[in-house]
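Below is one structure, written out as structure tokens; comments come after it.
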Amino acid sequence: MEPSNIKLDGFYYCPNHPEGNIAPYNVSCNNRKPMPGMLLQAAQDYQVDLNPSWMIGDILHDVEARNRAGCHTILINNGGETE
């Protein structure tokens, strides 16, 4: 495989889960999909206009986060999501 010279400007993740066992991570927050917090933060950090932007996801929570953030979505089928 040839190198693609792709550069990542940032990496965002949310360690929280409202049904988790470990405090202080067992909370709901605006960053856990389907909430749009991480998309909105990345857009602010890198001055990205979300209206013409695309998000690629593999679950319906990705699509809902996109709806809430105002960008377009490509939902890939890797066999892990229900219809």
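Just so you know, all these numbers are worked out from the coordinates, no wet-lab data involved. Everything numeric in this text was worked out from a predicted model, so none of it was measured. Note: ideal-geometry Cβ built from the backbone for every residue, glycine included; neighbour counts use all protein chains shown.
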- Mean 1/r over distinct Cα pairs of the chain, inverted to a Kirkwood Rh in Å, yields 14.3
- Message: For a distance above 16 Å, tell me the whole-number percent of Cα pairs in the range 2-48 that qualify.
- Response: 52
- Electrostatic dipole magnitude of the chain [Cβ: Lys, Arg +1; Asp, Glu -1; Cα centre; debye, to 20]: 220
- Note on the structure: Between the residues L40, P24, H72, the Cα farthest towards the positive end of the dipole of the chain, that dipole coming from +1 and -1 charges on the beta-carbon of Lys, Arg, Asp and Glu, is from P24
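In the neighborhood of G37, defined by Cβ-to-Cβ distances under 15 Å, what is the net charge if each Lys or Arg adds +1 and each Asp or Glu adds -1?
+1
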